[in-house]
Amino acid sequence: MSLIISPPLSKILTELARKQGIPIDFFLAKIAEKDLDPNTRIKMYLEIFEKLLKEAEEYEGKGDLIQASEKYWEAICALLNIIGEIKGMPHYRHSDYWEIIEEIISETRDRDIARFFSVAERLHANFYHNFIRKETFTYIPLM
């Protein structure tokens, strides 16, 4: 299913999402979640994750590593949104994601989680700065 939003409203929503530093899907989810029960919110974020992961893989297959980088980052954030929902933690800002990661590390004592999240952050940075070479990109532990 697709949703067509008029250009004026689309521009406003996109700008509001950009100001909050979150993808448009997450911005719209944030608006919708107020009227959703926790299980529906978790299902919503799982569906967003699946969509973003598919898009990331498609971009990577086309050799568009800039877009693939950001879609992988957003997919990881969708998973962190699920964890945030389950744990009752905020999960929209970059700092919220680190709080979730810190909580997981505290619970599991697995320090590799911080390393893997740092890799995800490098992918996010690559979207803005395009510094990861194709040869390196294929060795990044993604999902």
Original post:
Scanning the range 1-18 for residues that are of a type in the set (S, T, N, Q) and in a helix (DSSP H, G or I), which turns out nearest to K30 (Cα to Cα)?
Top reply: T14
Original post:
Taking into account only those residues within the range 16-36 that are more than 18 Å from E70 (Cα to Cα) and of a type in the set (D, E, K, R), which is modelled with the highest pLDDT?
Top reply: D35
Original post:
In the range 19-40, which residue that is within 18 Å of the chain's Cα centre (by Cα) and in a loop (DSSP other than H, G, I, E, B) is nearest to G88 (Cα to Cα)?
Top reply: I22
**OP:** Filter the range 38-71 down to residues that are out of contact with any Lys or Arg (no Cβ under 9 Å at 6 or more places or on another chain) and aromatic (F, W, Y) and give me whichever is farthest from I140 (Cα to Cα).
**Re:** Y45
Original post:
Condition test on G61, is it at positive phi, surrounded by fewer than 12 Cβ atoms within 10 Å (Cβ to Cβ) and of a type outside the set (S, T, Y)?
Top reply: no
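Every residue, every condition in (1) of a type in the set (D, E); (2) touching a residue at least 40 places away in the same chain (Cβ under 8 Å); (3) more than 14 Å from G84 (Cα to Cα), yes or no:
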| position | (1), (2), (3) |
| --- | --- |
| A17 | no, no, yes |
| I22 | no, yes, yes |
| E47 | yes, no, yes |
| K51 | no, no, yes |
Original post:
Inside the range 92-112, can you point out the residues that are more than 23 Å from F26 (Cα to Cα) and not acidic (D, E)?
Top reply: I105, S106, T108, R109, R111
**OP:** Say whether the condition of being in contact with a helix residue (DSSP H, G or I) (Cβ under 7 Å, 6 or more places away or on another chain), over 23 Å from E102 (Cβ atoms) and either in contact (Cβ under 8 Å) with a residue 40 or more places away in the chain or assigned to a loop (DSSP other than H, G, I, E, B) (or both) is met by at least one residue in the range 71-87.
**Re:** no
Original post:
Filter the range 1-50 for residues that are under 21 Å from D96 (Cα atoms) and basic (K, R); which is surrounded by the most Cβ atoms within 10 Å (Cβ to Cβ)?
Top reply: R41
Original post:
Is it the case that some residue within the range 66-82 is within 25 Å of E107 (Cβ to Cβ) and of a type in the set (G, A, S)?
Top reply: yes
Original post:
In the range 1-13, what count of residues is obtained for those that are at pLDDT below 90 and of a type in the set (V, I, T)?
Top reply: 2
Subject >> Filter result for the condition that a residue is among the basic types (K, R), in a helix (DSSP H, G or I) and within 13 Å of the chain's Cα centre (by Cα), over K51, K43 >> reply: K51
Subject >> the range 94-143 - residue that is of a type in the set (S, T, Y) and either assigned to a loop (DSSP other than H, G, I, E, B) or in contact with a helix residue (DSSP H, G or I) (Cβ under 6 Å, 6 or more places away or on another chain) (or both) and, of those, surrounded by the most Cβ atoms within 10 Å (Cβ to Cβ) >> reply: Y97
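The values are calculated or read from the model by the stated rules, or taken from the named source; none is laboratory data. All values derive from a computational prediction rather than experimental measurement. A quick note on method: Cβ atoms are made from the backbone with ideal geometry, for glycine too, and the neighbour counts reach across all protein chains shown.
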